[in-house]
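*Asks:* What follows is a structure written as structure tokens; I'll ask about it next.
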Amino acid sequence: MHDYSVLDSIEKYDCLEDSWTKMYFSLPKPLAKLGSTIVNEKSILIVGGMSRDFEPTAEVWSLSLMTLEWTEKMSMFAPRLTSSGLIFSQSNEVPYIYAIGGNKSRECERYNVGKEVWEPIPNFQEKVNQDFRGEYNCLFTYSCC
């Protein structure tokens with residue numbers, strides 16, 4: 001039925017060695033198709049995802065890179081999966097994390113890292129079809145090491 005698993009494990013990719021290492025700590029709960037981003041080089045924020053019952057979630061969790069402990073943060077307004085989280089700095093140097101679309105949704109919102117609150121932002125005007133998987137409004141980001 002699905003080509004993915006809902007897991008709580010975390011793996012780290014080493015692009016120089018071209019290898020994966022399973023980490024000794026786990027996600028706070030089993031998830032699939034979640035969004036994640038590094039925040040101020042101090043924590044990793046995970047947003048949304050799909051629960052074991054295959055439902056999108058609005059939950060947000062932060063992993064401290066100092067203590068390796070998870071803290072639950074304010075949930076998003078809309079549950080979503082397959083969204084991307086991106087950090088942008090505004091002119092006043094406040095970093096925001098943007099949750100864009102996901103799970104056939106036009107809804108967008110941003111997380112004010114300093115205030116730790118979600119704020120609504122304008123939504124997509126129309127659904128954008130992702131050609132090969134039949135999902136909509138997925139913003140994909142790519143980087144290299």
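Here, each number is a calculation from the coordinates, and none is a lab measurement. None of these values were measured; they are calculated from a predicted model. Backbone-built Cβ (ideal geometry, glycine too); neighbour counts: all protein chains shown.
*Asks:* Going by how many other beta carbons lie within 10 Å of each one, how would you line up 93, 109, fewest first? Show your work: numbers first, answer last.
*Replies:* Numbers: 93 7, 109 21.
Ordered from fewest to most neighbouring Cβ atoms within 10 Å, 93, 109 come out as 93, 109.
*Asks:* Applying 1/(1 + (r/R0)^6) with R0 = 25 Å to the Cβ-Cβ distance of residue 10 and residue 123, what FRET efficiency is obtained, to the nearest 0.05? Working shown, then result.
*Replies:* Values: r = 31 Å, r/R0 = 1.25.
Once rounded, the FRET efficiency stands at 0.20.
*Asks:* Using a cut-off of 14 Å between beta-carbons, work out the net charge of the residues near residue 51 (Lys and Arg +1, Asp and Glu -1, residue 51 not included).
*Replies:* Working: positive: 29, 33, 52, 80; negative: 8, 53, 55, 59.
Combined, the nearby Lys, Arg, Asp and Glu give 0.
*Asks:* Go through segment 93-99 residue by residue and turn each phi into a ³J(HN,Hα) via Karplus (6.51, -1.76, 1.60, θ = phi - 60°); whole Hz please, and just put x for glycine and proline.
*Replies:* Calculated HN-Hα couplings, in order: 6, 8, x, 10, 10, 9, 9 Hz.
*Asks:* Here is a further query. Do any GluC sites (Glu not before Pro) in segment 7-82 lie in a DSSP loop with no more than 16 other beta carbon atoms within 10 Å, and if so, which? Write out the running numbers ahead of the final one.
*Replies:* Numbers: sites: 11, 17, 41, 59, 69, 72; in loops: 17, 41, 59, 69.
Answer by residue number: 17, 41, 69.
*Asks:* If you rank 80, 52 by fewest surrounding Cβ atoms within 10 Å, what's the result?
*Replies:* Working: 80 28, 52 12.
Lowest count first: 52, 80.
*Asks:* What residues from segment 1-32 fall in the zone where the backbone N is under 11 Å from a label point 7 Å along the Cα-to-C-beta line of residue 54?
*Replies:* Flagged as within label range: 1-4.
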